[in-house]
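Participant: Got a structure here, written out as structure tokens. Questions coming.
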Amino acid sequence: MKSPFPLVRLSDVITFQRGHDLPRDKMIPGPYPVVGSNGILGYHNEYTTESPGVSIGRSGNVGNPFIVYTKSWSHNTCLYIKEYKGIDPIFSYYLLQTLPLSNYAGGTAVPTLNRNHISDLQIPLPPLPTQRAIAATLSCLDDKIACNRRMCAVLEEMAGALFEELTANHANHANGWTEGTLGDVCEVFTGKKNVNETAKDGKYIFFSCAPETALSNEYIYDGKAIIIAGNGAYTGRTQFYNGKFDLYQRTYACVPKTDAEKYIYLAYCTMKYSFEKEHLGGTRGSAIPYIVMG
């Protein structure tokens, strides 16, 4: 679909600057965040970048945009915007998220993004008032998402505490409690797709073993489910979801059996406690841990 706004070169509106070296042992505690390719690395008593600071990963997490709303130190693992020319800073952050910047990384052992390689990218440029309206809307949505995540984290802690209290109080099988297995209340299955089979324009959430979710054009299940990372660095990471989703081939979904849906959240608390708090549940492997369900 053709953009209603004129196309300009990225370098016509943004001047990127390579970040500045700052080893961890040279950081002097201060108020300014040190921003690298993966976000905030620490804090320092000096800054290189005015607020708001918009950067993209130069090496490591290549092309990943990041924004801080204070003065900051831009680390040499990122490129930061030194000058804005007719573009709103916050709008530029959201615009950068839509560009395939990681595709322009060079190098083999450690891919690196050269600012000259992205300078000719064509981008649509709305008028400044429109830019600011878009930026304000997206910022509000991000704030809402962050607030919801904080609320979920608090609820997770409360649920975990309640679970521990309930299991402690009913260890003697009082009030009709009985022991059972996950298989008594849930069906367990894994996905069929690899991560390279996701779709940027898909409509269904795609769960893999990583914390970040992707999108898919199809869904494998619709309803309440416990999603568990089956291998890799986040093995055992457990989350609850209700709706249509697709699944990575090494990620597990535990879904309630008929007439057992009322137990699904208790099962979720049990598994989250087991995998994430006590590191139980059958994780194997030394170099790459994994879970065997069954």
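The values are calculated or read from the model by the stated rules, or taken from the named source; none is laboratory data. This one's a predicted model, so the numbers in the text were calculated from it and none came from an experiment. We place every Cβ from the backbone using ideal geometry, glycine too, and count neighbours over all the protein chains shown. Note: areas computed on protein heavy atoms with side chains; ligands, DNA, RNA excluded. Shrake-Rupley method; radii C 1.70, N 1.55, O 1.52, S 1.80 Å.
Participant: Just one of the numbered conditions (1) farther than 20 Å from ARG9 by Cβ; (2) part of a helix (DSSP H, G or I); (3) within 19 Å of the chain's Cα centre (by Cα) is not true of ASN61; which one?
Facilitator: (2)
Participant: Just to be sure, is LYS2 more than 24 Å from ILE123 (Cα to Cα) and at pLDDT below 95?
Facilitator: No: the conditions fail for LYS2.
Participant: Can you name the residue in segment 246-294 that is assigned to a strand (DSSP E or B) and modelled with pLDDT under 60 and, of all such residues, is surrounded by the fewest Cβ atoms within 10 Å (Cβ to Cβ)?
Facilitator: Top of the filtered list is ARG284.
Participant: Starting from segment 223-245, take each residue that is open to solvent by 10 Å² or more (accessible area, probe 1.4 Å) and list its partners that are of a type in the set (D, E, K, R), counting only C-beta distances under 6 angstrom and pairs at least six apart or across chains.
Facilitator: Correct list of pairs: ASN231/ARG250; ASN242/LYS224; LYS244/ASP222.
Results for (1) without any contact (Cβ under 8 Å) to a residue 60 or more places away in the chain; (2) over 29 Å from THR137 (Cβ atoms); (3) open to solvent by less than 20 Å² (accessible area, probe 1.4 Å), shown as yes or no for each residue.
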position	(1), (2), (3)
SER37	yes, no, yes
GLY42	yes, yes, yes
SER51	yes, no, no
HIS75	yes, yes, no
LYS85	no, no, no
ALA105	yes, yes, no
PRO111	yes, yes, no
